[in-house]
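The values are calculated or read from the model by the stated rules, or taken from the named source; none is laboratory data. Remember, predicted model here, so these are calculated numbers, not experimental data. Cβ coordinates were reconstructed from backbone atoms using ideal geometry, including for glycine residues, and neighbour counts include every protein chain displayed.
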Amino acid sequence: MTEHRTQVEELLADYRRSRDHLASVQRELASITASASDQDGLITATVGPRGTLTGLVIDDAAYRRYRPKELAEQIVRVTGTATMRALSAAGEKLAPALPGGTDPQALLLGTGDLDATEIAPPKPKSRPRPPADEESFEDQNWVNR
């Protein structure tokens, strides 16, 4: 009975260590932030660990330099860059907690071990064409006749 109790206590100790390590990794992940700026430093986006925009600084000169559409494009671009930096940092923090051979980036992106063809959205189904000898009234306008 003593040997069995020792094994159970060792398993519980391993479980507690794993939970403590996981909690530590979660705290590290939650503290990740990343920033990126446009080439002139007029726009700076800061994101949190999941790529959520947490800060945006737009210099007054950006309003004179960029048209509204261009400004929006720059904001999206720098936010995307900051998000990739945050995901990279998260991958580095997460990697030691994962089993060997697991890609932390794929895990964070939700793709796991799927390849591009498995992730691609399904192609829209085309409507079948009526046979050539069958007349179609589908595109006819009957209201104005």
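This table checks each residue for (1) within 21 Å of Leu107 (Cα to Cα); (2) surrounded by fewer than 12 Cβ atoms within 10 Å (Cβ to Cβ); (3) touching a residue at least 24 places away in the same chain (Cβ under 8 Å).
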position: Gly48; (1), (2), (3): yes, no, yes
position: Gly51; (1), (2), (3): yes, no, yes
position: Ile58; (1), (2), (3): no, no, no
position: Arg64; (1), (2), (3): no, yes, no
position: Val76; (1), (2), (3): no, yes, no
position: Arg85; (1), (2), (3): yes, no, yes
position: Lys93; (1), (2), (3): yes, no, yes
> Restricting the search to region 20-59, which residues are aliphatic (A, V, I, L, M) and modelled with pLDDT of 90 or more?
Replying inline: Ile32, Ala34, Ala36, Leu42, Ile43, Ala45, Val47, Leu53, Leu56, Val57, Ile58
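Listed here are the residues, each with its yes/no results for (1) surrounded by fewer than 11 Cβ atoms within 10 Å (Cβ to Cβ); (2) of a type in the set (D, E, K, R); (3) within 19 Å of Leu108 (Cβ to Cβ); (4) touching a Phe, Trp or Tyr at 6+ places or on another chain (Cβ under 9 Å).
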residue	(1), (2), (3), (4)
Arg16	yes, yes, no, no
Thr33	no, no, yes, no
Ser37	no, no, no, no
Thr44	no, no, no, no
Arg67	yes, yes, no, no
Glu70	no, yes, no, no
> Restricting to region 16-56, what's the tally of residues that are in a strand (DSSP E or B) and either under 20 Å from Glu73 (Cβ atoms) or touching a helix residue (DSSP H, G or I) at 6+ places or on another chain (Cβ under 8 Å) (or both)?
Replying inline: 12
